[in-house]
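Participant: Pasting a structure below so you can have a look.
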Amino acid sequence: MADINLQMTQRNEDNTAWDNLNPKTIGANVSIVDSSNVFTATNVEGALSELFTSASSGKALIKTAITGKGGTVVDANGDGTYTHQELADGVNSITKGQGNAVESQVLGGATFSNADGKTRTGTMPNNGTINITPTTSSQSISSGFTTGGTVGAVSVPVAKVLNDTTIAGVTGTMVNQGNKSYTPSANAQAITEGYYKGGYIQGSPNSISENIKNRVVINGVTGNLIPMNLTAGNNNIYSVFTNSAYYAYATTTDRSICTFTVNVTGIIRMTYSLYSSGGNGNLSLYKNGASLHYDHTSDVVTVTYDIAVNSGDIIELHLSKTSSGTTCWVENVFVKTGGTPFITVTV
């Protein structure tokens, strides 16, 4: 009775009871009330046809949308029509998202998704253009995105940088000379170009004013020495035995009676007198231990003798007698010159 969808009753022919009637209803003969104007058709059959067509078209659109998103819809029975389950499986086959980026790795304000399919918004700061001018201190760079920028060029004066030092990728050329010391001399000494860790200039103990020519400056010391070049003359600069005589009494042994140390260069003149009684007296003149002049007399003799000297020369007079009975002596020993030098005399 599946085809019975309507049951009616009527009186039988004898009018003694009711008979059941089950007529078939044809959709085309059943009108519909379409208050919302959803359907074009006015009967049930037309409305059903429109519904089937709309559902089929809707499934086709959903299938197209699924495949457009990379999903796959399988038509299991190959009839070209997709069931709701097949469409649902197709939706689930769409990849939700890819990658493993997180918010801090995406520019602030930009949206994205990863494998979990959730929409996310980036938080990475946008630092724009960054330009850096190098200094002697480290400079921090803020984390985040930059559109680019420049690091200022560093001009490296290589000749002023040690050759074992690198600045901004450039190695210096200045030689490290380390510690140096110099001893002053009469000639200029070249100092090699480069860097010096330290050192010193040797001192000169003899650089004192007394050793340096007057008004001459050596190593910052101004001299006051007035050099003399002695010439022979009659200016007395030293004398000895002028008021008393040096006698040689008991022995004939030669003995030194006075010594002169000369500290200048030139010529000095020496004068002296030798006296003797009872025999010969002998007087010898020496320079640096070598005999220059010899005199002997049994009476009296006065001697004048010019001597060429250098600074440091030692002049001596030696007195002796020829016999023990002789008495001899020396008087009026003078050192003379044409100037006024400095002479040390030891008697």
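All of the numbers you see were taken from the coordinates with simple rules; none came from a lab. Computed from a predicted structure; not experimentally measured. With ideal geometry, Cβ positions are generated from the backbone for all residues, glycine too; neighbour counts draw on all protein chains shown.
Participant: Among M124, I208, V158, pick out the residue whose Cα is farthest towards the positive end of the charge dipole of the range 72-212, where Lys and Arg carry +1 and Asp and Glu carry -1 on C-beta, about the Cα centre.
Facilitator: It is I208, whose Cα lies furthest towards the positive end.
Participant: Still on this structure: Compute the acute angle (0 to 90°) between the alpha-carbon long axis of helix 44-68 and the principal axis of greatest extent of the alpha-carbon atoms of the chain; round to the nearest 10°.
Facilitator: 20
Participant: Only one of the values [x] 1.91; [y] 1.04; [z] 1.06 was calculated from this structure for Rg/Rh (Cα atoms, Kirkwood Rh); name its label.
Facilitator: Calculated Rg/Rh (Cα atoms, Kirkwood Rh): the matching label is [x].
Participant: Quick one: dipole size for the range 140-243, taken about the Cα centre, charges +1 on Lys/Arg Cβ and -1 on Asp/Glu Cβ, in debye to the nearest 20.
Facilitator: 120
Participant: If you don't mind, there's one more thing I want to ask. Kindly provide the helix-only [θ] at 222 nm of the chain, computed as the sum of -39,500 (n - 2.57) over DSSP H runs of four or more divided by all residues, to the nearest 500 deg cm²/dmol?
Facilitator: That comes out to -3500 deg cm²/dmol.
Participant: So, one more: Considering only C-alpha atoms, what is the centroid distance from the range 255-282 to the range 208-226, in Å?
Facilitator: Rounded to whole Å, the Cα centres lie 34 Å apart.
Participant: Can you list the aspartates and glutamates whose alpha carbon is less than 19 Å from that of K118, not counting same-chain residues fewer than 8 positions off?
Facilitator: K118 reaches E103.
Participant: So, counting K/R as plus one and D/E as minus one, what does the shell of residues with Cβ under 15 Å around I257 add up to?
Facilitator: Value of the local net charge: -2.
Participant: Let me ask you something else. Any of K160/K197; K69/K96; K59/K96 with alpha carbons more than 18 Å apart? Name them for me.
Facilitator: On the way: K160/K197 14 Å; K69/K96 10 Å; K59/K96 21 Å.
Long pairs (Cα-Cα over 18 Å): K59/K96.
Participant: Still on this structure, please answer the following. If the reach is capped at under 25 angstrom between alpha carbons, list the lysines near K287, excluding any in the same chain fewer than eight residues apart.
Facilitator: K321, K336
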